[in-house]
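Following: one structure in structure tokens, then a few remarks.
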Amino acid sequence: MVKKRKEAVEVTAPQEAVAIESSTCDDKLRENLEEIKNYDGVVGYILRNTTSASIDLKEPAKIVDYATLSSTAFAAAEELSRLFEFGDVKDIVVDGKNLKMLSLAVDENKISVFMENNADVEKVLKKLENV
Amino acid sequence: MKSMDNEFCASALKNTLDEMQRICPEIKATFVLDQNRKLIARGVNTPENTLPRALEVFDEVLEKAEAIGGVEALTVQGTDGRLSISYVDEVYLVTVTSKKADLNYVNTVTRVLVPTVLKLVEKIGSASIKRDMPTTEPELEAPAEVIEEPKASLVEETEPEKDEKEAEPEQKLDTTFTEPPVNQFIAEEIKGLLVSSDTVRIDNSVIEQWKELYEGREIEEADVETFAGKSLRCKVKPIKDGKFEGQGKIQLPNKLLLVLDIKKGELVRVKPAIE
């Protein structure tokens, strides 16, 4: 049985009801995300698949905003890829003034990692691609 | 961007994007959006039919990205290429490159060319304002003169003639979206212990006019420019001392007089700083 993290929060993404569910996530992916969470500058992550979502963020007040940004970024990337024909989306990096977000899909799982601007995106990306 | 002529800017950017696509054929599409996410220019090989939908998509992402402080850059890596958006000098530059593209080269081209052109356009824009100014040496005793604003509007502040007031906003709107109004003032030194070293003071009526022009926006800063070409952005507040009101004077602390290299009695141009 997987221990539920105390920061994990249930969210409802737009048009898609999601609940906390850890057992369906790939163990290796979860393990890597736990490790990534301890990287310098990483403030948390959102892990989503078709049936569940797991969110671990240092700023619970921002969960809905971050979840919306994450799902919008995935949808936008797909649409832009279709419009400009640059193939299947591998990853998305959004650099904001306050934070940056790295999003990518690993099998059925859509992951967004939020980090401070000085954090090492490449390191996080490599770790997630190694699943 | 704020003071440049939009058409001129769009044309310059269009040429730049065209040139970028010519020297770097791996750039499959490129276009530039303004701060309001409206299309300013697109490169010659950029498919036009994709843009309306792409703009909608960008709009949505850029809006949601407010959660992380707004987008400074965005990259979508695909298996056959990548799309990137970068916020440069108040515009969003979008480029789509093919898989074969040398990203260092593309980045060098895009991140150098576009900002350079934007800066150049802005410089040319302000130079053309200077060219429009009278070439004769202005008399020091000359009262403050509103260059782009009809002086009558100053009078209207004190004479509440209904008809004139109603007619005024239309005239002003035309000037608002082309160039900020430029006013001339005679420099006056302001002294005192409580004088802020980064603030200039001008007639409140002028600040009120600017506010009206920009639909009630607070005007907190202004660009002060000397006839020798030195310019400075500083905070602007109304003149406190009533006896200096309506004399066409600008009160500057000694520090700013030194920075601008001017003396009391010299003429300066002042325009509101609108971001």
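The values are calculated or read from the model by the stated rules, or taken from the named source; none is laboratory data. Every value quoted in this text rests on a predicted model; they were computed, and no experiment measured them. Cβ placement follows ideal geometry from the backbone for every residue including glycine, while neighbour counts extend to all protein chains displayed.
To keep it simple, each residue is scored yes or no on (1) at pLDDT 90 or above; (2) exposed (fewer than 12 other Cβ atoms within 10 Å of the Cβ); (3) under 30 Å from residue B:204 (Cα atoms); (4) of a type in the set (A, V, I, L, M).
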| residue | (1), (2), (3), (4) |
| --- | --- |
| B:73 | yes, no, no, yes |
| B:78 | yes, no, no, no |
| B:113 | no, no, no, yes |
| B:141 | no, yes, yes, no |
> Given the conditions (1) within 12 Å of the chain's Cα centre (by Cα); (2) modelled with pLDDT of 95 or more, which single one is not true for residue A:79?
Replying inline: (1)
> Would region A:61-77 turn up any residue that is in a strand (DSSP E or B) and either surrounded by fewer than 23 Cβ atoms within 10 Å (Cβ to Cβ) or touching a helix residue (DSSP H, G or I) at 6+ places or on another chain (Cβ under 6 Å) (or both)?
Replying inline: no
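State all residues of region B:81-102 that are in contact with an Asp or Glu (Cβ under 7 Å, 6 or more places away or on another chain) and either outside any strand (DSSP E or B) or away from chain A (no Cβ under 11 Å) (or both); if no residue qualifies, say none.
B:91, B:99, B:100, B:101
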> Does residue B:19 meet the test of being at the interface with another protein chain (Cβ under 10 Å from one of its Cβ atoms), surrounded by 14 or more Cβ atoms within 10 Å (Cβ to Cβ) and among the acidic types (Asp, Glu)?
Replying inline: no
> When residues of region B:61-70 are filtered for being surrounded by 15 or more Cβ atoms within 10 Å (Cβ to Cβ) and either of a type in the set (D, E, K, R) or closer than 21 Å to residue A:45 by Cβ (or both), how many remain?
Replying inline: 6
> Here is a list of conditions, (1) more than 14 Å from chain A (Cβ to nearest Cβ); (2) of a type in the set (Val, Ile, Thr); (3) part of a loop (DSSP other than H, G, I, E, B), and residue B:46 meets all of them except one; can you say which number that is?
Replying inline: (1)
> Would you pick out the residues in region A:51-62 that are within 19 Å of residue A:92 (Cβ to Cβ) and over 10 Å from the mean Cα position of the chain (by Cα)?
Replying inline: A:57, A:62
> Any idea which of B:106, B:96, B:32, B:91 is surrounded by 16 or more Cβ atoms within 10 Å (Cβ to Cβ) and either under 16 Å from residue A:83 (Cβ atoms) or not assigned by TED's automatic domain parsing to the domain that holds residue B:18 (or both)?
Replying inline: B:96
> Of everything in region A:102-131 that's part of a helix (DSSP H, G or I) and among the basic types (Lys, Arg), which residue is surrounded by the fewest Cβ atoms within 10 Å (Cβ to Cβ)?
Replying inline: A:126
> Can you tell me which residues in region B:196-217 are within 24 Å of residue B:255 (Cβ to Cβ) and assigned to a loop (DSSP other than H, G, I, E, B)?
Replying inline: B:196, B:197, B:198, B:203
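Identify, from the list B:263, B:271, B:240, the residue that is closer than 29 Å to residue B:35 by Cβ and either in contact (Cβ under 8 Å) with a residue 24 or more places away in the chain or part of a strand (DSSP E or B) (or both).
B:271 is the lone residue from the list that is closer than 29 Å to residue B:35 by Cβ and either in contact (Cβ under 8 Å) with a residue 24 or more places away in the chain or part of a strand (DSSP E or B) (or both).
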>> Can you confirm whether residue B:44 is closer than 17 Å to residue A:84 by Cα, surrounded by fewer than 18 Cβ atoms within 10 Å (Cβ to Cβ) and in contact (Cβ under 8 Å) with a residue 24 or more places away in the chain?
In response: yes
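Conditions (1) surrounded by fewer than 16 Cβ atoms within 10 Å (Cβ to Cβ); (2) among the charged types (D, E, K, R); (3) in contact (Cβ under 8 Å) with a residue 12 or more places away in the chain, marked per residue:
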site: B:190; (1), (2), (3): no, no, yes
site: B:196; (1), (2), (3): yes, no, yes
site: B:203; (1), (2), (3): no, yes, yes
site: B:206; (1), (2), (3): no, no, yes
site: B:220; (1), (2), (3): yes, yes, yes
site: B:225; (1), (2), (3): no, yes, yes
site: B:228; (1), (2), (3): yes, no, yes
site: B:232; (1), (2), (3): no, no, yes
site: B:236; (1), (2), (3): no, no, yes
> So which residues in region A:59-97 are facing chain B (nearest Cβ under 7 Å), closer than 29 Å to residue B:101 by Cα and of a type in the set (S, T, N, Q)?
Replying inline: A:72, A:81
